[in-house]
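Bear in mind that the values in this text are calculations on the coordinates, not laboratory data. Quick caveat: nothing in here was measured; it's all calculated off a predicted structure.
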Amino acid sequence: MRRVFITCFLILLFLLIEIPCFGGQTGFTQEDRERLVRLEATLKVFMEQVDKRFEQVDKRFEELREDMNKRFEQVDKRFEEMREDMNKRFEQVDKRFEQVDKRFEEMMTFLWMLVGIFTTLTAVVIGFAYWDRRTIIRKARDEAIETIEREGRLKEFIKALRAYASEDEKFATVLRSFGLL
């Protein structure tokens, strides 16, 4: 870039010098030589100043690059710190989820215990009701059998009374009045 700039500058300078030369003079004079020497000296000074300026610009760019690198390193450090902080927070969140999972598991275990208790109670109540019903039915059957046996004897007794009523007319009238004949 520097070489292109210098080359363009030299071409432009020579063009500006050469245009007046072609106007009136036909040869190369002492004055032209002195002018070229002065121009060369000026050009050397100018080139030295340009070189110094380019060196200063290069130094500034280097300083800027170093400053940018330092800042990028600081930004990288900040990102690392933020990443570490985020990782710690995610670990805390994971621990909280584990605690919630543990509590949920404990609640489910408790609910299963309650279901077991209520199932047991229901089975016991149904068993007690079945046992009670069976006991009541057995007693009712026994009582019914006793009643039938009594009635059966009573029937036999009524048969005996009817047989006797067939012999005694007065007794037959009494049985008819009670609807036993």
Next item on the list: Would you compute, from DSSP H runs of 4+ residues alone, the mean residue ellipticity of the chain at 222 nm, taking -39500 (n - 2.57) per run and dividing by the full residue count, rounded to the nearest 500?
Entry: -35000 deg cm²/dmol
Note to self: Going Cα to Cα from K170, which lysines come in below 18 Å? Please leave out same-chain ones fewer than 8 positions away.
What the structure shows: K159
Note to self: Translational diffusion coefficient of the chain at 4 °C, 1.567 mPa s, Stokes-Einstein with Kirkwood Rh over Cα pairs, in µm²/s as a whole number.
What the structure shows: 41
Next item on the list: Quick one, could you list the DSSP H helices from the chain stretching 27 Å or more along their long axis (Cα atoms) with average Kyte-Doolittle hydropathy of -1.0 or above?
Entry: 2-24, 30-165
